[in-house]
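**Q** Take this structure, written in structure tokens, and hold onto it; I'll ask about it next.
The values are calculated or read from the model by the stated rules, or taken from the named source; none is laboratory data. These figures come from a predicted structure and were not determined experimentally. Don't worry about glycine lacking a Cβ; one is built from the backbone with ideal geometry, like all the others, and counts go over all protein chains shown.
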Amino acid sequence: MELKQEQETLNVKVSDAAKVLGKSEQFVRVGLQRNILPIGTAIKLSSRWTYHISPKKLRDYVGG
């Protein structure tokens, strides 16, 4: 199975997403946790949160 070029970067860092959006990292984390920000998912494992931010969803959200 071949990976498309878009799939080479499977996850965007919270810090990078915050810069693209012009918001704080906390804004991105809370937005994902509350399902308000449609750029990825937040999953709580025990007491820690894990974040997956899709490059495609982020690009679509910012209109680029």
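Rundown of residues vs (1) of a type in the set (Val, Ile, Thr); (2) out of contact with any helix residue (DSSP H, G or I) (no Cβ under 6 Å at 6 or more places or on another chain); (3) surrounded by 17 or more Cβ atoms within 10 Å (Cβ to Cβ), yes/no style:
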residue: Gly22; (1), (2), (3): no, yes, no
residue: Phe27; (1), (2), (3): no, yes, no
residue: Gly31; (1), (2), (3): no, yes, yes
residue: Arg34; (1), (2), (3): no, yes, no
residue: Arg48; (1), (2), (3): no, yes, no
residue: Tyr51; (1), (2), (3): no, no, yes
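**Q** Can you tell me how many residues in the range 23-56 are small (Gly, Ala, Ser) and touching a His at 6+ places or on another chain (Cβ under 6 Å)? Quick ask: steps written out before the conclusion?
**A** Initial filter on the range 23-56 (small (Gly, Ala, Ser)): 24, 31, 40, 42, 46-47, 54.
Now narrow it down to the ones that are touching a His at 6+ places or on another chain (Cβ under 6 Å): 40.
Final tally of qualifying residues: 1.
**Q** Out of the helices (runs of 4 or more DSSP H) lying entirely within the chain, which hold 2 or more residues that are at pLDDT 95 or above, touching a strand residue (DSSP E or B) at 6+ places or on another chain (Cβ under 6 Å) and of a type in the set (Lys, Arg)? It would help to see each step written out before you state the result.
**A** Values: elements: 14-21, 25-33, 55-62.
Answer list for the chain: none.
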